[in-house]
Amino acid sequence: MKIYKPRWLYGFHDQGGEYLMPQDRRGWILFTEAIGYDPNAFSSRDYGLYADNGYGVMARLNNAYGEHGTLPRKEHYRDFAIRAANFVRMSEGCHIWIIGNEPNHPQEWPHGEMITPPMYADCYRRCAAEIHRHRPDDEVIMAPIAPWCAKATYPGNEAGDWLLYMQEMIVLARSTGAIDGFAIHSYTHGPEAQLIRSTATMDPPWDHRCYHWKHYQQILDRIPVELHHLPVYMTEANQGGAWLDKQNGWVPTAYRDINYWNQEYWPKIYCMLLYRWPNVPGDMWGIEGKNGVIDGFKAALEHDCRWDYAMEPEPEPEPEPEPEPDPLPLETRVRNLEAQAQDLGSRVRNLEDYTGAEPPLRK
């Protein structure tokens, strides 16, 4: 079964604002679900009304919100995976499922238990396996990291590098099975439209990292080239703080920037969802009722911002040439290999040979 994916980038985190998208610019809606981890629970949701009206439908599956954690404690991962599969197979109209949210951020940790990259990869793999048992063609998407959040510190990542965290998530998840795609978040730190194109960096020690919107490119650079054919979904985009109720060009500029990326580069970003449509108690980012933001969204709809540009993916790197026969005696070669193995160690971050340098930003 081929999953229907609108060609346009437009959409919202949460339902309610979809009426703004006309038929010839109909985009995406992200739903979020708190499903718990009871393996005997079968509650679900019917998204058919939205799918039947031409919207791209995604759902993020969380254990819960706040202190209860986007994932449960690790001893419940098996039950959470079964619960996720129960929810998926009983639901209609949705075939793209994101497992959890910002696992590197303490506000998403269950009762203070840090979610490390190996833990997230384990949970993701379990969920993907259970969901694909019932829906083999559905996409199971990796959670977005929280950009600029350096609070997940652990041996080998004492600085809390969020991009290294993401890189380890991907490498570890790939080691035991396929990945279907990625979700990302991107923001500016302020409402000014020019911040979309800003290349300003963070303060040391992170002064090699972009402080505004363009940081999404540094996030995408951590996706291995051989996975650039997979979809990327930008499920949160905003101005950092509460939306400025003014049509100042921020929204159309952001959409046009992602459209340009899709014309020129890989991986493709399939949607850019404004966070968020409803006004939720305790959440400052509601768009509903802010006519200036809505006018900005309408202005963005006048442009043909999409993902489906005909381009070939970047070629995979050329394989390394075969080494010349080693003239050293066998015993010496064995000792050398053992020394190399000890030096590499068992942690995946050492295998990545990460130096902290970032590729240059694109336009």
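What is the chain's relative contact order, in percent, from Cα pairs under 8 angstrom and six or more apart in sequence?
About 16 percent, as a whole number.
Just report the Cα centroid separation between the range 1-57 and the range 228-278, whole Å.
Between the Cα centres of the range 1-57 and the range 228-278 lies a distance of 17 Å.
From largest to smallest, what semi-axes in whole angstrom does the range 173-241 give when each is the square root of 5 times an eigenvalue of its alpha carbon gyration tensor?
That gives 26, 15, 9 Å for the three semi-axes.
Kirkwood hydrodynamic radius, computed over distinct alpha-carbon pairs, for the chain: how many Å, to one decimal?
21.6
Going by amide H atoms built from the backbone, whose H comes under 5 Å of the H on CYS94, apart from near neighbours?
TYR47
I need the trypsin sites (Lys or Arg not before Pro) found in the range 242-297, filtered to DSSP loop residues with at most 15 other beta carbons within 10 Å of theirs.
Sparse-neighbourhood loop trypsin sites (Lys or Arg not before Pro): LYS246.
Quick check: pseudo-label points 7 Å beyond the Cα along Cα→Cβ at LEU49 and TYR265, how many nm apart are they?
Result: 3.9 nm between the two label points.
Report, largest value first, the span of the C-alpha coordinates of the range 183-291 along each principal axis, in whole Å.
Principal extents (Cα only, largest first): 43, 32, 26 Å.
Can you give me the convex hull volume of the Cα atoms of the range 81-120, divided per residue and expressed in Å³?
95
Please determine, in degrees from 0 to 90 and to the nearest 10, the orientation of helix 162-174 with respect to the longest principal axis defined by the Cα atoms of the chain, where the helix direction is its Cα long axis.
70
Work out the length of the dipole vector of the chain about its Cα centre, built from +1 on the beta-carbon of each Lys and Arg and -1 on the beta-carbon of each Asp and Glu, and round it to the nearest 20 debye.
It comes to approximately 920 debye.
Compute the distribution of all C-alpha to C-alpha distances in the range 70-189, in bins of 10 Å from 0, and list the percent of pairs in each, rounded to whole numbers.
Bin by bin from 0 Å, the calculated values are 14, 46, 32, 8, 0.
Per residue, how much accessible area does the range 1-91 have with a 1.4 Å probe, in Å²?
43
Given the rule -39500 (n - 2.57) for each run of at least 4 DSSP H residues, summed and divided by the residues of the chain, what is its mean residue ellipticity at 222 nm, to the nearest 500 deg cm²/dmol?
Taken over the chain, the calculation gives -8500 deg cm²/dmol.
What is the Cα radius of gyration of the range 12-97 over 2.2 N^0.38 Å, N being its residue count?
1.20
Using the Karplus curve 6.51 cos²θ - 1.76 cosθ + 1.60 with θ = phi - 60°, work out ³J(HN,Hα) for each residue of the range 53-69 in order, rounded to whole Hz, and write x for Gly and Pro.
Couplings: 9, x, 8, x, 10, 10, 9, 9, 9, 10, 4, 6, 10, x, 5, 7, x Hz.
The values are calculated or read from the model by the stated rules, or taken from the named source; none is laboratory data. None of the values given here were measured: they were computed from a predicted structure. Counting neighbours? That spans all protein chains shown, and the Cβs are built from the backbone with ideal geometry, glycine included. Calculation scope for accessible area: heavy atoms of the full protein, side chains included, ligands and nucleic acids excluded. Shrake-Rupley method; radii C 1.70, N 1.55, O 1.52, S 1.80 Å.
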